[in-house]
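Comments concern the structure below.
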Amino acid sequence: MNSASHRIYEDIFALFCAGLFVAFGVYLFQAQDLMVGGAAGLALLGTHATGMDFGLVFFVINIPFYALAWTQISKRFTLNTFVSVTTISVMSEQVHHFVDISRIHPLFAAVMGGILIGVGILMMFRHKSSLGGLGILAYYLQARFGIRAGTFQLAVDSVILLSALVFISPYLVGISILAALCLNLVISLNHRPERYQLATKQSRAPQGGRLSTQQG
């Protein structure tokens with residue numbers, strides 16, 4: 001069954017919502033000095049190393065990957081990813097104007113933050129978008145050289161989390177691994193398009209008593 005493409009306004013609203021999920025998840029991570037993988041993880045490392053704002057670092061990191069997405073994936077995917085990245089970059093720097101967390105347990109921040117980011121990424125996938133950065137590179141390496149995207153992403157995320165030991169304690173790195181597990185579980189358990197096909201309607205043919213199948 002071929003699914004209908006989303007309309008532009010549907011993409012914009014969905015990607016805005018997804019950006020809010022990811023931005024708030026990052027806010028929870030920052031509140032407890034936790035880490036995450038991918039481009040967001042690189043941006044968090046950048047904030048520790050340079051003191052620059054997460055939103056700015058995250059936006060700049062993704063710039064080189066847009067050309068790769070434009071030429072190797074699709075123009076729509078590139079534009080949607082640009083919308084997602086820009087939303088996260090802006091909103092991650094504005095969350096503290098609306099939310100003030102005086103106390104939160106690191107374990108809860110890790111689990112909830114991981115789930116929020118996972119849901120946000122899942123929404124992006126459904127609307128032909130991504131968090132950009134390393135996800136785009138992983139897709140290209142798999143398509144061009146046969147390197148499995150999941151294996152590449154896991155290797156890079158491991159390096160990012162290990163690098164975080166320079167800036168945060170082993171305890172927080174361990175909790176960050178829990179956050180990464182929650183994030184990936186949300187995606188792996190829910191990004192299964194084959195499970196969500198519309199139910200098949202069966203109706204009897206007018207003659208011969210034979211059943212005809214029609215997609216609902």
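Computed from the coordinates by the stated procedures, all read-outs in this text should not be read as laboratory data. Keep in mind that this is a model prediction, so the values were computed, not measured. Positions of Cβ are generated from backbone atoms using ideal geometry, with glycine treated the same way; all protein chains shown enter the neighbour counts.
Descriptive notes on the structure:
- Within the chain: Cβ-based charge dipole about Cα centre, in debye rounded to nearest 20 (Lys, Arg +1; Asp, Glu -1): 1140
- Of the residues 22, 82, 166, the one whose Cα sits farthest toward the positive end of the charge dipole of the stretch 9-190, with +1 on the Cβ of Lys and Arg and -1 on the Cβ of Asp and Glu, is 82.
- Taking 159, 26 and counting other C-beta atoms within 10 Å, the order from fewest to most: 159, 26
- Extension gain, residue 101 back to residue 72 (0.36 nm per residue minus Cα-Cα distance, nm): 6.3 nm
- Shown here for the stretch 33-130: trypsin sites (Lys or Arg not before Pro) in loop regions (DSSP other than H, G, I, E, B) with at most 15 other Cβ atoms within 10 Å, namely 103.
- Take the Kirkwood radius over Cα pairs of the stretch 62-174, plug it into Stokes-Einstein at 25 °C and 0.890 mPa s, and you get 153 µm²/s for translational diffusion.
- Neighbour counting of Cβ atoms within 10 Å sorts the residues 177, 136, fewest neighbours leading, into 177, 136.
- Seen against the Cα atoms of the chain and their longest principal axis, helix 75-91 is set at about 40 degrees.
- Largest mean-square fluctuation among 146, 174, 113, in a Gaussian network model of the chain whose springs join Cα atoms under 10 Å apart, belongs to 146.
- Of the chymotrypsin sites (Phe, Trp or Tyr not before Pro) in the stretch 122-169, the ones in a loop by DSSP (not H, G, I, E or B) with at most 16 other beta carbons within 10 Å are 167.
- Pair residue 63, residue 143: separation of 7 Å Cα→Cβ label points (nm): 2.4
- Table column - 3J(HN,Hα) (Hz), the stretch 155-162, Karplus curve with 6.51, -1.76, 1.60, x for Gly and Pro: 4, 5, 4, 5, 5, 4, 5, 5
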